[in-house]
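What follows is a short report on a single structure.
The values are calculated or read from the model by the stated rules, or taken from the named source; none is laboratory data. Keep in mind it's a predicted model, so treat the numbers as computed, not measured. Cβ placement follows ideal geometry from the backbone for every residue including glycine, while neighbour counts extend to all protein chains displayed.
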Amino acid sequence: MTDQKTADIAVPDVSVPGGSAPDETSEIVVAGSGKPGGFIPPREPKYEWGIAVRTVTDLLNDGSHPESPEGSLLILKDATGEIVRVGYAPEANNTPVYLVEFPGGKLVGCLEEEIAPVLGVRSAAPGRM
């Protein structure tokens, strides 16, 4: 086993039986190396679960909401709801996604640009508005 250097990080050379031929090289992408395809860490969410939010635009079904046809109106602009869970969308560069419960128990996944806190923005202290 030999060590190859990639972006100042030692990466062991590992041969896999039945893998590529010894003369072929594969590129290793290191996070932060400026090359596309590296790991992108999740972005810190702006909002916490449990806070009241309002929609800043009409929310349309992008095909991910199974109870409504694609393109149909899910929630009107200025509707209020509560964030019940915060997750991440790995297919969208680990963008925070907020599961918001609206009146009538309707649950919709929202992006940060689609919602705003009812009482203002979050302060620097966790758990405080």
Of all residues in region 81-116, which are farther than 18 Å from residue 63 by Cβ and charged (D, E, K, R)?
-> 82, 85, 101, 112, 113
Could you tell me which of the residues 78, 62 is part of a loop (DSSP other than H, G, I, E, B) and closer than 14 Å to residue 115 by Cα?
-> 78
Within region 81-108, the residues that are over 12 Å from residue 53 (Cβ atoms) and assigned to a strand (DSSP E or B) are 85, 87, 88, 89, 95, 96, 97, 106, 107
Give the residue that is surrounded by the most Cβ atoms within 10 Å (Cβ to Cβ), with candidates limited to residues of region 34-63 that are modelled with pLDDT of 85 or more and small (Gly, Ala, Ser).
-> 52
Matching residues, region 73-105, being on the phi > 0 side of the Ramachandran plot and among the charged types (D, E, K, R) = 78
Which condition number in (1) surrounded by 10 or more Cβ atoms within 10 Å (Cβ to Cβ); (2) modelled with pLDDT of 90 or more is the one that residue 31 fails?
-> (2)
